[in-house]
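One structure is given here, and the rest of the page talks about it.
The values are calculated or read from the model by the stated rules, or taken from the named source; none is laboratory data. Computed from a predicted structure; not experimentally measured. Using ideal geometry, Cβ is built from the backbone for each residue, glycine included, and neighbour counts are taken over all protein chains shown. With ligands, DNA and RNA removed, areas are computed over all heavy atoms of the protein, side chains included. Shrake-Rupley method; radii C 1.70, N 1.55, O 1.52, S 1.80 Å.
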Amino acid sequence: MRFYRPLRAIKAITFDLDDTLYDNSPVIRKTTDESHAALQSYHPALREFTMLDYQILRDELLSREPDIYHDVSEWRRRSVELALLNVGLSTQEATAGSEEIMSVFHHWRSQVEIPEETHRTLQALVKKVPLVAITNGNARPEKLGISDYFQFTFRAGPHGRAKPYKDMYYLAAQMLSIVPEYILHVGDDLRTDVAGAVCCGMQACWINLRGDNLMHIDEARLLPHVEISRLLSLTLLL
């Protein structure tokens, strides 16, 4: 554990989800493969539809509607819908098809293995302070078996712009009725989690699971208050 800024009292903790509470990489690879296979099998004209073809549609949609970036689930659904429209399906058919394929996506997206250390940490912390989940992604804590630890779960899109924008950080503070300076945000991303939290007045904890050197990372614009290498170390702060 390394300290870079003085810590104030911690009256609540907010958590990023992906790659903070669990390793997200394996499930994302599997989810991407399975949902793309579902898209290819949905219509004969899409059997040769590649990941690159899909990415081109995503980029096209983003160029037309930049704000869709803040809702990754809707961005994905709309991209799938566009692929279906492009092969001749009606708007109603394409919408229904996109929702069906997204159900495949969300099924595989929820096949996350939550480490025992994560459960132990959250179980210990929730006895002392309220916890909130704040994510830019589309993980669903209720599907992962961790929702009971959190008073609230905020997702970019439905609950505001994506981190590092301040929307969800301020929403957490508002819903908890705690001023930001007494909230500690924990996350793995130095831009969205650390810089985002610090810029809105929160305290920031960087979880460094890869043994990186903070002083040699280009995206390290603002120092966190504290750096940890194991989630369980958080229990020492309360």
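Please find the FRET efficiency linking M51 to S233, where r is the Cβ-Cβ separation and R0 is fixed at 35 Å, and quote it to the nearest 0.05. Don't skip to the answer; put the middle values down first.
Details: r = 38 Å, r/R0 = 1.09.
FRET efficiency, M51 to S233: 0.40.
Along the Cα-to-C-beta direction of R5, a point sits 7 Å from the Cα; which residues of region 155-196 have their amide N less than 14 Å from that point?
Residues 180-187, 190-196 qualify, since their backbone N sits under 14 Å from the label point.
Angle check, please: helix 25-42 long axis (alpha carbons) against the longest principal axis of the chain (alpha carbons), in degrees 0 to 90, nearest 10.
Orientation of helix 25-42: about 20 degrees from the principal axis.
Over all directions, what mean area does the Cα convex hull of the chain project, stated in square nanometres? Present the calculation step by step, with values, prior to reporting the outcome.
Values: hull surface 53.0 nm².
Mean projected area of the Cα convex hull: 13.3 nm².
Mind checking the per residue accessible area of the chain for me, 1.4 Å probe, whole number of Å²?
Details: 11780 Å² over 238 residues.
That works out to 50 Å² per residue.
Could you check the spin-label model distance between T32 and E100? Points 7 Å from the Cα along Cα→Cβ, value in nm.
It works out to 2.5 nm between the two label points.
If amide H atoms are built 1.01 Å from N in the plane of the peptide, which residues on other chains or at least 5 residues away come under 5 Å of the amide H of D71?
Those lying under 5 Å, H to H, from D71: there are none.
Any idea how many Lys pairs in the chain come in under 29 angstrom at the alpha carbon, given 8 or more places apart or on separate chains?
Lysine pairs satisfying the spacing and distance rule in the chain number 15.
Quick one: ranking M215, M202, M175 by accessible area, 1.4 Å probe, largest first, what do you get?
Working: M215 125, M202 5, M175 90 Å².
Sorted descending by solvent-accessible area, the residues read M215, M175, M202.
Once amide H atoms are placed 1.01 Å from N in the peptide plane, what residues at a sequence separation of 5 or more from A12, or on another chain, have their amide H within under 5 Å of its amide H?
Amide H neighbours of A12, under 5 Å, 5+ apart: L184.
Treating only the Cβ of Lys, Arg, Asp and Glu as charged (+1, +1, -1, -1), what charge dipole size does the chain show about its Cα centre? Round to the nearest 20 debye. Please report the intermediate quantities before stating the final value.
Numbers: 26 positive and 32 negative charges, 186 e Å.
That gives a dipole near 900 debye.
Under 1.5 on a/c is rounded, so check that first for region 122-211, then, if it is not, pick prolate when a/b is larger than b/c and oblate when it is not; a ≥ b ≥ c are the square roots of the alpha carbon gyration tensor eigenvalues. Intermediate values should be presented prior to the final figure.
Numbers: a/c = 1.16, a/b = 1.14, b/c = 1.02.
Cα axes put region 122-211 in the rounded bin.
I'd like the trypsin sites (Lys or Arg not before Pro) in region 17-114 restricted to DSSP loop residues with at most 16 other Cβ atoms within 10 Å, sorted by number. The partial results should precede the final answer.
Values: sites: R29, K30, R47, R58, R64, R76, R77, R78, R109; in loops: R47.
Those satisfying the criteria are R47.
Do the sum for the chain: with -39,500 (n - 2.57) for every DSSP H run of n ≥ 4, divided by all residues, what is the mean residue ellipticity at 222 nm, to the nearest 500 deg cm²/dmol? Let's see the in-between values first.
Details: 8 runs with 95 residues, N = 238.
Helix contribution divided over all residues of the chain: -12500 deg cm²/dmol.
When the Karplus curve 6.51 cos²θ - 1.76 cosθ + 1.60 is applied with θ = phi - 60°, which whole-Hz ³J(HN,Hα) does each residue of region 107-113 get, with x for Gly and Pro?
So the Karplus estimates, Gly and Pro as x, are 4, 6, 4, 8, 8, 9, 8 Hz.
Mind listing the long-range amide H neighbours of G157? Cut-off is under 5 Å, sequence gap 5 or more, other chains count too, H placed in the peptide plane at 1.01 Å from N.
Hits under the 5 Å cutoff: A162.
Please identify the GluC sites (Glu not before Pro) of region 38-144 that satisfy two criteria: DSSP loop assignment and at most 16 other Cβ atoms within 10 Å. Which are they?
Details: sites: E48, E60, E74, E81, E93, E99, E100, E113, E116, E117, E142; in loops: E48, E113.
Filter output for region 38-144: E48, E113.
Given the chain, what percent of its DSSP beta bridges are antiparallel, to the nearest 5? Show your work: numbers first, answer last.
Numbers: 3 of 22 bridges.
Roughly 15 percent of the DSSP beta bridges within the chain come out antiparallel.
Provide the three semi-axes, in whole Å and in decreasing order, of the ellipsoid equivalent to region 34-160 as defined by the square roots of 5 times the Cα gyration tensor eigenvalues. Write out the running numbers ahead of the final one.
Values: eigenvalues 231, 52, 25 Å².
Ellipsoid half-lengths, sorted descending, are 34, 16, 11 Å.
Over region 85-137, one equal point on each Cα, no solvent: what is log10 I(q)/I(0) by the Debye formula at q = 0.20 Å⁻¹?
Taken in order of the listed q values, log10 I(q)/I(0) reads -0.85.
Once R0 is set to 22 Å, what does the formula 1/(1 + (r/R0)^6) return for the Cβ-Cβ distance between L222 and Y69, expressed as a FRET efficiency to the nearest 0.05?
Once rounded, the FRET efficiency stands at 0.50.
Residue by residue, what Karplus-based ³J(HN,Hα) values in Hz, rounded to whole numbers, does region 158-169 have, using 6.51, -1.76 and 1.60 with θ = phi - 60° and x for Gly and Pro?
So the Karplus estimates, Gly and Pro as x, are x, 10, x, 6, 5, 4, x, 4, 7, 3, 6, 5 Hz.
Give me the percent relative contact order of the chain, please, defined on Cα pairs under 8 angstrom at least 6 residues apart.
On the way: 387 pairs, mean separation 66.0, N = 238.
It rounds to 28 percent for the chain.
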